[in-house]
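Working notes for the structure below.
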Amino acid sequence: MLENKVGLIFGVANKRSIAWACASACGAQGAKQAFTFQAERLKESVEDLAATLPDSLVLPCDVSDQAQVDATFDAVKEKYGKLDFLIHSIAFAPKEALEGEFVTTTREAFTTALQISAFSLTQVALGAAPLMTDGGSIVTMSYYGAEKVVMNYNVMGVAKAALEASTRYLAADLGKQNIRVNAISAGPINTLSARGVRGMGSLLSYVGERAPLKRNVTAAEVGNTALFLVSDLSSGITGETIYVDCGYNIMGV
Ligand code: 1JT
């Protein structure tokens, strides 16, 4: 389904990463993909994973440094000459900001969370657009805390709200270039990022018991939805946030 398509994947840390599940699903359909790693300690892990896919490329990219973002798109242009899809699966907030009350969020934690988790989508969309000469699809990852209060999610909820709004504004801007922009709102998944969060185990069981499907969503299910969103099967969908959460978000009492 993705033969002759080129993708750029931000946010792989290890094999449990949502970004890796997206890349696996797209790679199985014939896509060539480039990967970025945020820090030197993740380089080897990302290189090992990328090596399992044909024609891949691995690049350093910390989105807080615009020069690294520019260099990433230059390298993609150099190797592949174009880009068809981009997966944005990055977020960060200081650990203390994901505990206790939102009201104590510092200016610095707020700025960092919004910059890395929300602004970075606009940053990479601007870099990707000139390479998406044949149209394209951009997919980002959100979470229910963007829409409703989820205890402890705090400033990340505010950042995800900004991310979902950015998805709509970017979709409106880039639609004339046939570039679609959508978000996946995934249910909680036990990834490296999530494991650093206190109470993750109880959140997973709480959600798994209440979701209509009576279980937690898997990274592979999120990856398959990303595959749908980057493929032509979703050609009429843009600016949308699609829940992939075993139905959790539809429940009232
Ligand atoms: C980050 C982290 C972004 C964890 C994240 C995240 N988006 C979802 N999760 C999992 C999660 C975290 C909390 C939560 C529910 C789900 C950690 C590193 C920074 C970025 O609260 C109930 C806190």
message: Can you tell me which of (1) within 13 Å of the ligand (Cβ to nearest atom); (2) in contact with a Ser or Thr (Cβ under 9 Å, 6 or more places away or on another chain); (3) modelled with pLDDT of 95 or more is the one Leu192 doesn't meet?
response: (3)
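What are the residues in region 214-248 that are under 14 Å from Ile189 (Cβ atoms), among the aliphatic types (A, V, I, L, M) and over 15 Å from the mean Cα position of the chain (by Cα), if any?
Applying the first criterion (under 14 Å from Ile189 (Cβ atoms)) to region 214-248 yields 215-226, 243-246, 248.
Among the residues that remain, those that are also among the aliphatic types (A, V, I, L, M) are: 217, 219-220, 222, 226, 244.
Residue satisfying the conditions is Val217 alone.
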- prompt: If you go through region 6-42, how many residues are among the charged types (D, E, K, R), part of a loop (DSSP other than H, G, I, E, B) and over 24 Å from Ser142 (Cβ atoms)?
  reply: 0
query: Does region 132-152 include one or more residues that are assigned to a helix (DSSP H, G or I), closer than 21 Å to Thr72 by Cβ, more than 12 Å from the ligand (Cβ to nearest atom) and open to solvent by 20 Å² or more (accessible area, probe 1.4 Å)?
result: no
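What is the residue count in region 153-202 for residues that are assigned to a helix (DSSP H, G or I) and among the β-branched types (Val, Ile, Thr)? Spell out how you get there, then give the answer.
Restricting attention to region 153-202, the residues satisfying the condition of being assigned to a helix (DSSP H, G or I) are 155-177, 192-195, 200-202.
Then drop every residue that is not among the β-branched types (Val, Ile, Thr), which leaves 155, 158, 167.
Counting residues in region 153-202 that are assigned to a helix (DSSP H, G or I) and among the β-branched types (Val, Ile, Thr) gives 3.
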- request: State whether the residues of region 235-249 include one that is over 27 Å from Ala172 (Cα atoms), out of contact with any helix residue (DSSP H, G or I) (no Cβ under 7 Å at 6 or more places or on another chain) and surrounded by 19 or more Cβ atoms within 10 Å (Cβ to Cβ).
  value: yes
- prompt: Does Asp70 count as of a type outside the set (Phe, Trp, Tyr), over 20 Å from the mean Cα position of the chain (by Cα) and more than 16 Å from the ligand (Cβ to nearest atom)?
  reply: no
- request: Please go through region 43-79 and pick out each residue that is loosely packed, with under 14 Cβ neighbours inside 10 Å and part of a loop (DSSP other than H, G, I, E, B).
  value: Ala51, Thr52, Pro54, Asp55, Asp65
message: Which numbered condition in (1) within 16 Å of the ligand (Cβ to nearest atom); (2) touching a residue at least 60 places away in the same chain (Cβ under 8 Å); (3) surrounded by fewer than 18 Cβ atoms within 10 Å (Cβ to Cβ) is the only one that Lys82 fails?
response: (1)
- request: Look at region 188-229 and say how many of its residues are open to solvent by less than 40 Å² (accessible area, probe 1.4 Å), touching a residue at least 40 places away in the same chain (Cβ under 8 Å) and closer than 24 Å to Gln29 by Cβ.
  value: 9
- request: Could you figure out which of (1) among the basic types (Lys, Arg); (2) open to solvent by 40 Å² or more (accessible area, probe 1.4 Å); (3) within 28 Å of Asp74 (Cβ to Cβ) isn't true of Arg168?
  value: (3)
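Count, please, the residues in region 94-131 that happen to be open to solvent by 80 Å² or more (accessible area, probe 1.4 Å) and more than 22 Å from Ile18 (Cβ to Cβ).
To start, the set of residues in region 94-131 that are open to solvent by 80 Å² or more (accessible area, probe 1.4 Å) comprises 95-96, 101-104, 107-108, 110, 119, 126, 130.
Checking the rest, the ones that are also more than 22 Å from Ile18 (Cβ to Cβ) come to 96, 101-104, 107-108, 110, 126, 130.
Total satisfying the criteria: 10.
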field: Hits in region 153-167 (condition: near the ligand (Cβ under 10 Å from one of its atoms) and in contact with a Gly (Cβ under 7 Å, 6 or more places away or on another chain))
entry: Tyr153, Met156, Gly157, Lys160
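The values are calculated or read from the model by the stated rules, or taken from the named source; none is laboratory data. This structure is a prediction, so every number in the text was calculated from the model and none was measured. Quick reminder, even Gly has a Cβ in these numbers, built from the backbone with ideal geometry, and neighbours come from all protein chains shown. Please note that ligands, DNA and RNA were not included when accessible areas were found on the heavy atoms of the full protein model with its side chains. Shrake-Rupley method; radii C 1.70, N 1.55, O 1.52, S 1.80 Å.
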